Structure formats: structure tokens, C-alpha cells
Amino acid sequence: MTLPYERTWAVVETRHFLTEVLTNRRVPGAVREKARTLLRHYPSPSDVFHAGWQALADPHLILEPVFDMSIDGSPSPNWSTPRVPRTVK
């Protein structure tokens, strides 16, 4: 099960990776152009942080949150331990 802070870290690091691909002249032009296209609408670390903050602030959250407020790869201290649903027999 992927936790919100792990998902957050993956999204932030993917943006960093795509940026490195885009700026590396040794990468073929078509691949750099694809990275540019993907980055055009890819969330920034700030976008991810705000999405995590909104999920945390919503008292009616029913589903598992998508993002965490931490963008450094560590769990935010504001999240409680994930609940594992019990199976019904």
C-alpha cells in the first residue's frame, strides 16, 4: 500500500527527473520535447503541498488522501497512522 507521503515524494522526484531530462543535451531532442510536454501540466512541489494541506484540512475525507504535506520524502507529523480496514466474515 502506498502511503500519501510516499506518493508525494514520487511525484516531486518525478518532476525533478523530468527537469533533468529536459536540460540534458545528451538526451535525444524528441525525448527532451516529451519531457517539456509532460512538465507543462505536471504539479509543482507547491501544488502537491497544497493538495496535501487541503486533504488534511477536510474533516469529511472519506477516501485515503492522495498527497501528504511533506515534499521531502518523509511522512508529515500531521497524519495519523493509516487504518487497515477489517475484513467482514
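Farthest toward the positive end of the dipole of segment 4-57, out of ALA57, ALA10, LEU39, is the Cα of LEU39, where the dipole comes from beta carbon charges about the Cα centre.
Going by C-beta contacts inside 10 Å, put ASP72, ASP47 in order with the fewest on the left.
On the way: ASP72 10, ASP47 14.
Lowest to highest Cβ neighbour count: ASP72, ASP47.
This ranking places VAL31, VAL48, VAL21 by how few other beta-carbon atoms lie within 10 Å of each, fewest first, which gives VAL31, VAL21, VAL48. Projecting label points 7 angstrom from Cα along Cα→Cβ for VAL27 and LEU39 puts them 0.8 nm apart.
Counting other C-beta atoms within 10 Å, which of HIS41, HIS16 has the fewest, and how do the rest follow?
Details: HIS41 6, HIS16 11.
The fewest-first ordering by Cβ neighbours comes to HIS41, HIS16.
Rounded to whole numbers, the Karplus 3J(HN,Hα) couplings from phi for segment 10-21 are 4, 5, 5, 5, 5, 4, 4, 4, 4, 5, 5, 4 Hz, using 6.51 cos²θ - 1.76 cosθ + 1.60 with θ = phi - 60°, and x at Gly and Pro.
Every number here is computed from the coordinates shown, using simple stated rules; none is lab data. Just so it is clear, the structure is predicted and the values come from calculations on it, not from any experiment. Every residue, glycine as well, gets a Cβ built from its backbone with ideal geometry; the counts of neighbours run over all protein chains shown.
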